[in-house]
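Inspection log for the structure reproduced underneath, given as structure tokens.
The values are calculated or read from the model by the stated rules, or taken from the named source; none is laboratory data. Model, not experiment: these values are computed from the prediction. No Cβ is skipped: glycine too gets one built from the backbone with ideal geometry, and neighbour counts run over all protein chains shown.
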């Protein structure tokens, strides 16, 4: 690891947790800048939104859904 990277890492680790989380999110986002992937996600969001609008799909509460999945895989 270069000394610049080590210095940057040390500085980042001194940030408050919320700032570190925001930094991580921004760094990960910068790696995921593939236009094809972004386009595919946008299409998926539109497809799912249309399913919700048409009634083909419905939203489920997160905690209940997770419990149902846990019980299915026990």
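Here are the numbers for this structure:
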| quantity | calculated |
| --- | --- |
| Given (1) in a loop (DSSP other than H, G, I, E, B); (2) modelled with pLDDT of 95 or more; (3) under 18 Å from the mean Cα position of the chain (by Cα), number of the condition residue 19 does not satisfy | (1) |
| Residue tally, condition surrounded by 10 or more Cβ atoms within 10 Å (Cβ to Cβ) and part of a helix (DSSP H, G or I), over the stretch 7-16 | 4 |
| Tally of residues being surrounded by 10 or more Cβ atoms within 10 Å (Cβ to Cβ) and at pLDDT below 95 across the stretch 35-56 | 6 |
